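Before any comments, here is the structure.
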Amino acid sequence: MAVQNVLSTAVSGLLAQSFRAAEIANNVVNVNTAGFISAEVLILSVQAGDRGSGVLARRRESNGREGDGGDTDLARQFANLIATEIAYQANARIVRTAEATLGRLLDTVA
């Protein structure tokens, strides 16, 4: 897999996890808002032929009770936020490693 493909995949992961974190924040801040229906973000693999080529983030509204924010489980939101942070950090580490690899390659060529 070429370095640019690795970067593209990792950046798509960063964007997806950012979207997920924003949705979690929205759920938490609106937990007591009348009429609020919480949502979650699904992270889906994108395939290009027989190889993965990144991820997509899709928003899905909850099927819980409507109208009082009562379908928002704060413990679950914070657990999801921790998982999101870990995934974001992993993707950021991949970006840094790919950039360093590309830099060494360019130094070798130059």
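The values are calculated or read from the model by the stated rules, or taken from the named source; none is laboratory data. All of these numbers come straight from a predicted model, not from anything done at the bench. So basically every Cβ, Gly included, is an ideal-geometry build from the backbone, and we count neighbours across all protein chains shown.
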Flagged pairs (Cβ under 6 angstrom, 6 or more apart or on separate chains; first in the stretch 22-40, closer than 22 Å to I82 by Cβ; second modelled with pLDDT of 95 or more and part of a helix (DSSP H, G or I)) are I24/Q77; I24/N80; I24/L81; N27/Q77; V28/Q77; S38/N27; A39/E23
Scanning the stretch 29-56 for residues that are out of contact with any strand residue (DSSP E or B) (no Cβ under 8 Å at 6 or more places or on another chain), among the aliphatic types (A, V, I, L, M) and surrounded by 14 or more Cβ atoms within 10 Å (Cβ to Cβ) gives V31
Check V46, V55 and return the single one that is under 15 Å from Y88 (Cβ atoms) and touching a Gly at 6+ places or on another chain (Cβ under 6 Å). V55
When residues of the stretch 62-102 are limited to those that are at pLDDT 90 or above and of a type in the set (D, E), the one farthest from the chain's Cα centre (by Cα): D73
